[in-house]
1. Can you give me the pair-distance distribution of the stretch 341-485, C-alpha pairs, 10 Å bins, whole percents?
2. In whole Hz and in residue order, list the ³J(HN,Hα) couplings for the stretch 211-224 that follow from phi through the Karplus curve 6.51 cos²θ - 1.76 cosθ + 1.60, θ = phi - 60°; x for Gly and Pro.
3. Find the Rg to Rh ratio for the stretch 35-84, where Rh is the Kirkwood radius over alpha-carbon pairs and Rg uses the same atoms.
4. Report, in debye and to the nearest 20, how large the dipole of the stretch 346-424 comes out about its Cα centre when Lys and Arg carry +1 and Asp and Glu carry -1 on their Cβ.
5. Kindly provide the trypsin sites (Lys or Arg not before Pro) of the stretch 203-253 that DSSP labels as loop, not H, G, I, E or B, and whose Cβ sees at most 11 other Cβ atoms within 10 Å.
6. Mind checking the angle between helix 75-95 and the chain's longest principal axis? C-alpha axes, 0 to 90 degrees, to the nearest 10.
7. What do you get for the angle between helix 429-446 and the principal long axis of the chain? Use alpha-carbon atoms, 0 to 90 degrees, nearest ten.
8. Kindly state, to the nearest 0.05, the FRET efficiency for ASN35 paired with ILE528, given R0 = 51 Å and r defined as their beta-carbon distance.
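Where a number appears in this text, it was derived from the coordinates with a stated rule and is not lab data. Source: prediction; values computed, not measured. Neighbour counts are summed over all protein chains in view; Cβ atoms, including those assigned to glycine, are modelled from backbone coordinates with ideal geometry.
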Amino acid sequence: MKQFDFIVLGSGIAGLSFALQVAPHGRVAIITKKNRAESNTNYAQGGIAAVTSKEDTTEMHVRDTLEAGAGLCREDVVRTIVQEGPARIAELIELGMQFSEREIPRSDGARELDLGKEGGHSKRRILHAKDVTGREIEKALLNAVARQPQIEVFENHFAIDLITTQKLGRPGPNRCVGVYVLDKPAGVVETFASDAILLATGGCGKVYLYTTNPDIATGDGVAMAYRAGAAVANMEFIQFHPTCLYHPRAKSFLISEAVRGEGGILKTINGNEFMAGHHPLQSLAPRDIVARAIDSEMKRSGATHVLLDITHKPADFLRERFPNIYETCLRHGIDMTLEPIPVVPAAHYQCGGVLTNVDGETGIPGLYAVGEVACTGLHGANRLASNSLLEALVCAHRAGRRVLERIAPEARPVIPDWQSGRATNPDELVVIAHNWDEIRRLMWDYVGIVRTHKRLLRAQTRIANLRGEIQEFYWDFTVSSDLLELRNIALVAELIITSALARPESRGLNYNLDHPFPDPAWAQRDTILERG
Ligand code: FAD
Ligand code: SIN
């Protein structure tokens, strides 16, 4: 058994920020299922929303967040996160993060932070590093982690399940005491013990067939927390990003909303602008509205995609501002300076998650959750663009502070070794692959941008059958990361469906044709699921 003062599951912005904060006070294990940089954070493009300009105010950022959140945000949480953002950004810059700057006009070469704009923001307030903000943040944080001798990073280690005193059959109030982890190269399951465990495992885009997320995003944290008895909230609110590159050979490549922020216009494949009929902000309307408008346009015309046109901007500007998007499109034969980019919506962000307060505390003592895995109440029914990196940064700091204030329990329970099935049967691998595909397609077709009660019920029945089958595998066979991820996406899919069925209204990202309007009785009501 490996004992640590702090265990962090995940090495994106949330996990790394927390680890850096607590490291001066004890030994930290960061457990991450692939290489340390592989995370949603690493692919973030647009940037971090924060009030740093004289033309902007906290109040305006709060208002935009509440507006996007469609009546379901927790205003106190929004205010805290928006207020504390600028201080956390300053610390990130001190750690080595370099945001893009621009020359201040008429100032003899003095420079200031360059601020981008995205959907739903009334001001320019997105700090960015060209269009590779996440890669630069991840690099800065990992460099800082490498300078910390108290932190040990366990790459290719897959967290399987949390260990609680309740699961161990101990009397007294439940608390989290450890986690079982598959060391993938060695093929053995190890026990990691601590009385402070942070879930920072990110989101669940891979539950859907089309997603902007990398392969790590399989909802493992939500699944583990739910199995451990923590409450999970608002899982029906899955955000679909309106503009993922549409190309047969492009896997999950996002075309940042910042492209629309710089003037990109959505058009049909015949070149007609169509957003005016949907929202006064047109192509820069909040994401739920843009994604639904594209979905409806594609269904109406039968087209496989729509177009994003920014060819009216100077080519030099586009190459300088969006080097990654420009190069990637070019590799696929599309020159964005000369022709519009084909785009489609794709699953992007999980607004719900493990229910926490703004300090990352879950209902289980010893278990904390921060970042995309958590539901603090910041995003409500629809996240405002570039608020997630902000939330992760602020809440990781607050969780770190909270963990250091806690009084650690004196008794450490004995934790038994992992027991696993012994069977291996390569023939069954095909069943695992088939079930993966089936769940992701089912979720895309039946639990996507536009939902109906009947389709949700069908999806629920199918997922229940699949979960039964997967559970048999789980008990009988030696665990592999594919099987573990399949088990998790199946559970998370079920949580999304159950939550969507539980909300008899359309609000933000949960759009249901059987209840097409918001119901005032459901404003400020979270959908909370707990293991019965
Ligand atoms: P992640 O960064 O996803 O990190 C999760 C970590 O947990 C990874 O290291 C993963 O390997 C590990 N992990 C997961 N499961 C396990 C397990 N079972 N065992 C061990 N390790 C595990 N947000 C913005 O605010 N601005 C943007 O511009 C922006 N652009 C985006 C662009 C793209 C393409 C995508 C996909 C997302 C974007 N987002 C953006 C959203 C944002 O990037 C994420 O919400 C945020 O980075 C999540 O950070 P995190 O630390 O919570 O999780
Ligand atoms: C983007 O660059 O469009 C992504 C921003 C976000 O998801 O917040």
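1. 9, 23, 28, 29, 11, 1
2. Values per residue, Gly and Pro as x: 8, 8, 7, x, 4, 5, 7, 10, x, 4, x, 4, 5, 5 Hz.
3. Numbers: Rg = 13.7 Å, Rh = 12.7 Å.
Radius of gyration over Kirkwood radius for the stretch 35-84 works out to 1.08.
4. Working: 7 positive and 7 negative charges, 11 e Å.
That gives the stretch 346-424 a dipole magnitude of about 60 debye.
5. Of the trypsin sites (Lys or Arg not before Pro), the ones in loops of the stretch 203-253 whose Cβ has at most 11 other Cβ atoms within 10 Å are ARG249, LYS251.
6. 90 degrees
7. 50 degrees
8. 0.90
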